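To keep things clear, I will list the structure first and then write my remarks on it.
The values are calculated or read from the model by the stated rules, or taken from the named source; none is laboratory data. The model shown is predicted, which means the values in this text are computed figures rather than measured ones. No Cβ is skipped: glycine too gets one built from the backbone with ideal geometry, and neighbour counts run over all protein chains shown.
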Amino acid sequence: MRISGAKNSVLPLMAASLLTSDRVVLRNVPRVWDVFTMKKLLGQLGVSVTVTEEGTAELQASEITSRRAPYELVRTMRASILVLGSLMGRCREASVSLPGGCAIGDRPVNLHINGLKKLGANVELDKGYVNASAATLTGSEIYFDTITVTGTENMMMAAALAEGETVLLNAACEPEVVDLADMLRKMGAIIEGDGTAAVRIRGVKKLSGAEHSVIPDRIEAGTFIIAGCLAGGGLKIADCCPSHLDALLDKLKDVGHTFDIGDNSVAILPPGKSVCQDMTTRPYPGFATDMQAQYMVLMTQTAGSSVIDETIFENRFMHVPELKRMGADIRTDGGKAMVRGATPLTGANVMATDLRASASLVLAGLFAEGETIIDRVYHIDRGYEKIEEKFRSLGASIERIK
Ligand code: EPZ
């Protein structure tokens, strides 16, 4: 089966349409819930957005009719914060609701705010909104205390239309950051070093439209690769980008799984003897936090014991109590989870809490004895396109009941 475009790339790319009054065309757009939330948010700012069945999006911000991203939309999708950087780049003014926490953590935006202040913006917090304005934005050196993906993306977008040069230090290196830089360059931005910890942006006066194809979703690909490992091989994932999956594939090889890796495909082969391996989540190119829950399911089905250390988010073990109800042997202590395998899982009624935890419950349900009912699957639809159809095409028995 084929992998869709990356959710965490299409969202900043859509926000970047605010930086120009010309038309922006995005291809390989995943039809996931968050894309339609971003469409709605951009629409409220004056952007015309169409998304076709085939996954082509056309966006045009001929003029910005509002600079305010309201709480009722922002609270449903944290990535809404990405309009802060592009509104500041385009109109030097933005009022964006604080996203508020979500299931996996408190999700602060202090680094986004500090970055804008470094570019010369006035930024105040008032009644739950970030109100930013600037007569001009002047390039500056911005050091991120913590590596932040959307923080890096926001500063790239604001700096692209600032005066002078901006250097981002301790920047995020995720492929989605590089994908955004690729499109910004097509729009006329001068950016180099994206994909490394030091990104240089030389501001320009104006950006024009562009056409760009969204990179494949490495987290969706990783989720199906783990499914292939759980199934004992015999699965091939096409249209993915194996070079974005090094940390995952290396770890899975250490566990004992084997792969046939092509230019844009990964075939999962029958494993040799597999044994649990410890894992620690890290910023890219380390093991992705968005793959932690899925890896944990594999460890419950692998002989031995392993310690999973979640270092990025403070509350990203919401899947653990649900997996334990299915028979998994997991103990957590702060950001660490001790998993003992292999324990047979039995189907149960479970509840999805956040996007990636929900995906791990689908994996557990597919390999458990008996039937599993997952409630609140809207979490899954936020980031996975037609997940039940994709799993069914691989022979799984899975259906949506409401
Ligand atoms: C992006 O979130 C992704 N979302 C997340 O994917 C992903 O889990 C995360 O990066 C880490 O890889 C999108 O790209 C839309 P961060 P982001 O800023 O940018 C702290 C999914 O499942 N921090 O890199 O919001 C923060 O609390 C989602 O698809 C600050 O302290 O994450 C966290 O501990 C979930 N201050 C760490 O940095 C800030 O101003 C990394 O967060 C910003 C972040």
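Table for the structure above
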{"read-out": "Residue, surrounded by the fewest Cβ atoms within 10 Å (Cβ to Cβ), within the stretch 238-263, restricted to residues that are under 22 Å from Ser393 (Cβ atoms) and in contact with a Pro (Cβ under 7 Å, 6 or more places away or on another chain)", "value": "Ile261"}
{"read-out": "Criterion: touching a Phe, Trp or Tyr at 6+ places or on another chain (Cβ under 6 Å), more than 27 Å from Val25 (Cβ to Cβ) and either of a type outside the set (Phe, Trp, Tyr) or surrounded by 15 or more Cβ atoms within 10 Å (Cβ to Cβ) (or both) - qualifying residue of Leu111, Leu116", "value": "Leu111"}
{"read-out": "Residue count for the stretch 108-150, restricted to those that are aliphatic (A, V, I, L, M) and in contact with a strand residue (DSSP E or B) (Cβ under 6 Å, 6 or more places away or on another chain)", "value": "7"}
{"read-out": "Condition broken by Thr280, with the remaining ones in (1) under 22 Å from Thr148 (Cα atoms); (2) in contact with a strand residue (DSSP E or B) (Cβ under 7 Å, 6 or more places away or on another chain); (3) in a helix (DSSP H, G or I) satisfied", "value": "(3)"}
{"read-out": "Complete set of residues in the stretch 196-229 that are in contact with a strand residue (DSSP E or B) (Cβ under 8 Å, 6 or more places away or on another chain) and within 16 Å of the ligand (Cβ to nearest atom)", "value": "Ala197, Val199, Val214, Ile215, Pro216, Asp217, Ala221, Phe224"}
{"read-out": "Any chance Val123 is surrounded by fewer than 23 Cβ atoms within 10 Å (Cβ to Cβ), closer than 15 Å to Leu87 by Cβ and among the aliphatic types (A, V, I, L, M)", "value": "yes"}
{"read-out": "Residue in the stretch 34-57 that is in contact with a Phe, Trp or Tyr (Cβ under 9 Å, 6 or more places away or on another chain) and either farther than 23 Å from Val149 by Cβ or more than 14 Å from the ligand (Cβ to nearest atom) (or both) present", "value": "yes"}
{"read-out": "Helices (runs of 4 or more DSSP H) contained entirely in the stretch 147-258, each with at least 1 residues that are at pLDDT 95 or above and more than 30 Å from Ala342 (Cα to Cα)", "value": "149-160, 175-186"}
